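No lab work stands behind these numbers, since they all come straight from the coordinates. The structure displayed is predicted, hence computed values, not measured ones. Ideal geometry is used to build each Cβ from the backbone, glycine not excepted, and the neighbour counts take in all protein chains shown.
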Amino acid sequence: MEIGKFIKELRLKKGLTQEELAEKTDISVRTIQRIENGEVDPRLYTLQSIASVLDIEYEELANHGKEDSDDKKAMQKNIWLPLLHLSGLLFLVFPPIIIWIWKKDEIENIKEHAIDVINFQLSMFIYFIAAGFLVFILIGLPIVMLLGIYSTVIIIINTIKVANNQPYKYPITINIIKP
């Protein structure tokens, strides 16, 4: 919850109008309105005055909503990292690269995850090409089918592991891109 909405909720619980809160804190009514509407972030002195009148600890009021941003970061990590691994099902290198570039400043360790996914995709591509040549000898068709099943299963297992914050591994991967 935003701090302005939180202040409004506390004010209403105390049975105060904006005018009464403004009078008791020596803050203008317009400033109280703007804070409650989320138009401005209250200054330190303003928060101290409001906290005093609303009988709440200043630290609780000042830190309100900060844990929400930590939760949002954790939620983003829990969405984007598994999605990055799941994008390996597309057999295209571009989705993991796009996710990596887009979220590189927001999610730690995304570089390592993206490199692992890209290396796995490139390795599977090389293996599929080699198996494609073997199709002419008739042994390549079962190999292509087994590679398809193998890569799909490994990607799904690793996506689930990443979603559960467990270590993952892409076996038989050639490290084409170094971390």
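Starting at the first residue of the stretch 100-112, write each ³J(HN,Hα) from the Karplus equation 6.51 cos²θ - 1.76 cosθ + 1.60 with θ = phi - 60°, in whole Hz, x for Gly and Pro.
Values per residue, Gly and Pro as x: 4, 5, 5, 10, 4, 8, 9, 10, 6, 6, 5, 4, 4 Hz.
Give me 10, 146, 83 ranked fewest to most by other Cβ atoms within 10 Å of their Cβ, as a rough exposure proxy.
Result, fewest neighbours first: 146, 83, 10.
In the stretch 99-179, which GluC sites (Glu not before Pro) fall in coil by DSSP and have 15 or fewer other Cβ atoms within 10 Å?
106, 108
Which option, [x] 26.9, 89; [y] 15.7, 44; [z] 15.1, 47, is the value of Rg and Dmax of the Cα atoms in Å that was calculated from these coordinates?
Answer label, from the structure shown: [x].
Just in the stretch 76-168: which trypsin sites (Lys or Arg not before Pro) are loop by DSSP and have at most 16 other Cβ atoms within 10 Å?
Qualifying residues, ordered by number: 104.
With the Cα gyration tensor of the stretch 3-64 giving a ≥ b ≥ c as the square roots of its eigenvalues, does the rule (a/c under 1.5 for rounded; else a/b larger than b/c for prolate; else oblate) give rounded, prolate or oblate?
rounded
For a quick check: sort 36, 59 by the number of other beta carbons within 10 angstrom, fewest at the front.
Ascending Cβ contact count within 10 Å gives the list 59, 36.
What pairs in 14/103; 104/161; 8/161; 5/103 have C-alpha atoms more than 32 Å from each other?
Long pairs (Cα-Cα over 32 Å): 14/103; 8/161.
Just want the ordering: 85, 64, from fewest to most Cβ atoms lying within 10 Å of their own Cβ.
64, 85
Quick one: compute the contact order of the stretch 3-64, relative version, from alpha carbon pairs under 8 angstrom and 6+ residues apart, as a percent.
Rounded, it is 36 percent for the stretch 3-64.
Please give the FRET efficiency for residue 19 paired with residue 92, using the beta carbon to beta carbon distance and R0 = 41 Å, rounded to the nearest 0.05.
Working from the Cβ atoms, E equals 0.10.
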